[in-house]
Every structure is written in structure tokens, then in C-alpha cells.
Amino acid sequence: MSTDLPELVVRSAVVSDRAAARDQFIGLTVVDGTVFSVRSDGRIETLCSGIRRAAWAPATALPREIGVVTSVGAVVLISDDSTNVFPLDVWWIEPAAPATARQAVSSSGFDDLADRLGLEIAFDPDAMTGFQTASAVVHVPLPDTAARRARRRTFVVALLQAIALVPVPIAFALLGRGWGGSVAVLGWLSAAVSAAALVNVALSVRGRRRTRLRIGTTVVRPRSGPGWFRARAGISVASGMVVIDDGRGRSVLLSTPQATSSASAVVRARTVRGKQARAVLIDGTDVVRAELPFASWPESDIDELLRELSVIRDAGSDRRRSADVCFDPHRGAAVPGTSLIAWTSLGVVPLTAVGGATILQLMVSVFAKIGGPLTWGIALSFGSASVVILLAVIGTELGGRLPPVEPPPRGFRPSRTFGSVVGWFVLLSAVAVGFLAVGDPGTACYAEALAFASVALHWSLYRRRAIQSRRGVTSIGRWLATGCRN
């Protein structure tokens with residue numbers, strides 16, 4: 001991406017480095033009374049024009065058809081032919097910081113945007129009178145279009161698999177009497193449906209590939225932390241903005257006095273001493289936009305950067321602290337795992353529905369045995385490939401870039417969780433041996449796969465608890481070696 005960006009009056013709360021997010025907006029700008037969006041690839045597109053009224057709306061004032069809007073509300077720009085809704089949580093800070101409505105609107109930059117349109121944002125309850133849901137357009141930096149498309153595609157694939165498992169065999173049984181090739185046709189049909197399911201899995205996960213965001217020039221790197229954090233995290237400068245990459249594929253864009261004179265710019269920084277020494281970046285509305293702990297970031301480099309960007313060093317004390325804006329190895333640790341089951345700011349397709357369709361695919365693959373060894377082998381290979389792809393993606397999202405444990409557990413001392421892990425593994429392995437003994441190796445393989453999956457599930461639950469308590473996460477191998485201690 002070019003470092004010569006137009007002035008971003010409003011900036012996205014988060015910018016993702018995933019391939020699926022390549023069309024995301026990074027901000028909004030205003031030229032001659034028209035609001036333009038700036039995409040991550042540098043494209044500038046018209047968003048709305050002819051705005052005659054601007055208002056802040058609480059979540060309760062917006063119709064349900066608009067979608068989910070958090071308690072911080074949304075800014076609404078109304079023209080003669082459209083109503084443009086901008087949810088503040090995705091155009092400000094994720095998650096939204098505690099603030100009043102006026103503070104959030106000003107800190108996000110929408111106050112400045114309205115001023116450039118020659119308007120003033122109304123906060124009174126009657127400002128939303130006459131709201132037309134039919135003409136409403138919700139503008140978010142990263143639309144979930146890809147997720148909706150994937151859900152529709154997965155539904156179609158699951159429906160085809162269900163048809164192949166029940167209605168088609170029944171129809172052949174009733175209408176195909178005397179047709180000797182009907183059994184073979186069922187086998188090949190099952191193999192074809194399994195192939196379609198594999199294609200769906202590949203399409204659903206391809207957007208998770210990480211790309212390299214090219215916004216500005218990196219000027220500060222972390223001095224300590226895990227290897228992935230030192231290699232991927234960084235602070236860049238682009239057109240008077242500070243771009244902070246948390247190392248997990250998400251960046252935030254903060255304006256400075258060199259880019260704008262609005263209240264949304266970071267105008268001062270306070271140095272907090274003590275056990276958790278850090279630099280606190282504060283904008284013109286007194287909202288903390290970022291915290292840079294000196295345990296991770298070199299203080300001298302931060303001081304020099306702030307001086308060059310005309311950010312005032314404030315000698316006052318500040319007791320505010322928020323893990324959501326603290327750029328250390330713990331920031332955003334839960335997001336990759338959450339993205340597997342829900343839509344997040346990474347902009348990737350959740351895999352819950354895809355996983356359910358894959359279970360159906362395995363059933364179809366087993367059913368393909370009716371057509372003979374060839375169709376069974378082909379269908380099983382497609383089903384196994386889908387499982388391998390999903391496990392690889394899940395393992396990468398859950399096991400990569402873990403927050404460090406200090407100090408790591410030492411020695412082996414089995415916990416109650418360890419007993420549960422061993423118990424489930426032994427039970428499912430015994431089931432696999434039973435199927436193998438009766439001559440069903442395919443089902444035996446699936447049972448053994450579930451045995452290993454049970455171990456991964458236990459570790460995932462531990463990982464979630466550890467992230468919530470900011471204790472750090474040990475790798476699955478180390479966790480087992482220490483007796484699954486929490």
C-alpha cells in the first residue's frame with residue numbers, strides 16, 4: 001500500500017492483515033461535501049453525498065433491521081435519498097471504550113467529519129424522527145459479505161449431502177428395481193458430493209492466509225517478548241498517522257497533530273511508572289487510545305517518535321489501564337480462536353457451519369462403500385482431506401502466537417484435568433480398537449481421530465481460561481508434559 005494516504009478524518013477501529021480483508025475500509029475522508037471511503041489497497045470510492053442532516057443515535061433508537069449496534073451507538077448521516085449509518089464501535093475503538101456519546105463521537109472523528117460537511121451532529125432524542133429503514137445503508141469497515149456467501153454455499157453443500165444420504169437411496173430402492181448399476185451410481189454420487197464438500201472447505205479457509213500490511217514505514221520494533229511478537233509487531237508512521245501492529249494481524253490507526261487538528265488526534269502522552277511502566281497515548285477528548293508497556297517497547301524510541309509527531313509529553317499521572325488497548329503479547333490473544341466460531345475483526349469466515357457439513361461429508365464418504373472399494377476409497381480420501389485441512393487451520397489459529405507464560409510450570413504433577421484427558425482418550429481409543437476388530441477400519445480411524453480431538457478440546461478450554469486471566473498459554477505439548485496444570 002502506498003504511504004501517501006489522503007487525510008483520514010475517521011479511521012477504522014481495526015485493520016486486518018488476512019487475505020479475506022483485502023477490500024476493507026481503513027477510513028473515511030471528505031472532499032467537497034462528499035464522504036469517500038479509503039480501502040486498504042489505496043482505492044478511494046464515493047460513499048455518500050448530499051448530506052443535509054447528521055445525528056447520533058443510541059442503539060435503542062435504531063431498528064433491528066439495521067443489525068447489531070453496541071451501547072456506544074451510531075452516527076447517522078441523512079441525505080434526500082439515503083440514510084447512512086456508521087456504528088461507532090467499528091469506526092472508533094474495538095471494543096468501545098467507556099465514554100459519553102459526545103466524547104465517543106468527537107474521539108472517533110465524526111464530529112470533525114460533520115464539521116467538514118457544514119453540519120453539526122445532533123444528540124437530542126428527536127433527531128432520528130422520520131428514520132427510514134428502507135433507505136438505510138449500514139457502513140462498516142469490513143462487511144461480512146464473505147461469511148454470508150460461505151454460509152449459503154455450505155447450506156447448499158449440506159443439503160446435497162443430506163439428499164445423497166436419504167432421499168436418493170430411497171428413490172433408487174423404489175424406482176430402480178432391476179437396474180443393476182444403481183448401486184454403483186449411488187457410490188459415485190456419494191463421491192461427487194464428498195468432492196463438492198472438500199471444495200467448500202478449501203474456499204472457506206483460503207481467506208485466512210496472512211498478508212503483509214504495507215501502511216507506512218516501521219520505525220519502532222518491540223525489544224522483548226516472544227519471537228513472533230518481536231518479528232511481527234511494530235509501530236509505523238504514514239501521513240502523520242501512527243500505525244500500531246499488535247503482531248497478530250490487527251493494526252490500529254491513530255491520528256496525530258501532524259495529520260489533523262481535530263480532537264480525534266493523539267495530542268499527549270503520559271508516562272506511568274511502577275511495576276507496569278508504560279506510555280499512555282491520549283487524544284483530544286481525554287480518551288486513552290493506546291498503551292505501550294516499556295517491558296515490550298523501548299522507551300527511548302517511543303519518546304523520539306512522539307517528539308517527531310508533535311505529541312506533547314504530559315507529566316501528569318494516569319491510573320487508567322485497559323487490556324483492550326495495551327499493545328503487549330497478550331493483546332487479541334482470544335481473537336484467532338473466536339474467529340473459528342464467530343465473525344470477528346479479522347474478517348475471516350467462521351468454521352462452525354463448515355465443520356458440521358464436514359461431519360455430514362464423513363457420513364457420505366462411509367456410505368460410498370455401497371458402490372464398491374473404488375468409490376469408497378475416493379470418497380474417503382476427499383473426506384479425510386477436509387478433516388486434515390480443518391484441523392490444520394484450527395491448530396494454526398489456536399496454537400500460533402501464544403501469549404508467553406512467565407514462569408512456565410516445571411515438573412510433572414497430574415491434575416484432575418489430566419485424568420479427564422487420559423480417560424476420554426483411552427475410552428475413544430478402545431472404541432476404535434473395537435471397530436477394527438469387527439473389520440471396520442474406516443470407522444475405527446474416525447474414532448481414533450475423535451480420541452486425539454478430545455485432547456485438543458481439553459487444551460482449548462485451558463487456553464481460553466488462561467487468556468481470560470492473562471496468565472499466558474503453554475503449548476499443548478508442554479501442557480501435557482506438566483500434567484495439564486492450569
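The values are calculated or read from the model by the stated rules, or taken from the named source; none is laboratory data. Everything numeric in this text was worked out from a predicted model, so none of it was measured. Neighbour counts are summed over all protein chains in view; Cβ atoms, including those assigned to glycine, are modelled from backbone coordinates with ideal geometry. When the accessible area is computed, the model is the full protein with side chains, heavy atoms only, and any ligands, DNA or RNA have been set aside. Shrake-Rupley method; radii C 1.70, N 1.55, O 1.52, S 1.80 Å.
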Flag if residue 397 is farther than 14 Å from residue 354 by Cβ and not hydrophobic (A, V, I, L, M, F, W, C)
no
Looking only at the range 57-81, count every residue that is in contact with a strand residue (DSSP E or B) (Cβ under 6 Å, 6 or more places away or on another chain) and under 22 Å from residue 115 (Cβ atoms) and tell me the total.
8
What number of residues within the range 45-75 are aliphatic (A, V, I, L, M), touching a helix residue (DSSP H, G or I) at 6+ places or on another chain (Cβ under 7 Å) and assigned to a strand (DSSP E or B)?
5
Consider residue 424 against the criteria (1) exposed (fewer than 14 other Cβ atoms within 10 Å of the Cβ); (2) more than 30 Å from residue 208 (Cα to Cα): it satisfies all of them except one. Which criterion is unmet?
(1)
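Specify which of the listed residues (41, 32) is modelled with pLDDT of 90 or more and open to solvent by 10 Å² or more (accessible area, probe 1.4 Å). Walk me through how you get there before you give the answer.
Values: 41 fails: modelled with pLDDT of 90 or more.
After applying the criteria, what remains is 32.
Tally time: how many residues in the range 428-473 are over 21 Å from residue 390 (Cα atoms) and either assigned to a helix (DSSP H, G or I) or acidic (Asp, Glu) (or both)?
Total satisfying the criteria: 15.
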Take the conditions under 25 Å from residue 258 (Cβ atoms), touching a residue at least 24 places away in the same chain (Cβ under 8 Å) and open to solvent by less than 30 Å² (accessible area, probe 1.4 Å) and apply them to residue 325. Does it pass?
yes
Of residues in the range 328-349 being open to solvent by less than 10 Å² (accessible area, probe 1.4 Å) and among the aliphatic types (A, V, I, L, M), the one farthest from residue 243 (Cα to Cα)
348
Closer than 30 Å to residue 473 by Cα and without any contact (Cβ under 8 Å) to a residue 40 or more places away in the chain - does that describe any residue in the range 259-274?
yes
I'd like to verify a number: residues in the range 427-481 that are closer than 20 Å to residue 413 by Cα, open to solvent by 50 Å² or more (accessible area, probe 1.4 Å) and in contact (Cβ under 8 Å) with a residue 24 or more places away in the chain, how many?
6
Only one of (1) farther than 30 Å from residue 164 by Cα; (2) over 20 Å from the mean Cα position of the chain (by Cα) is not met by residue 402, so which one is it?
(2)
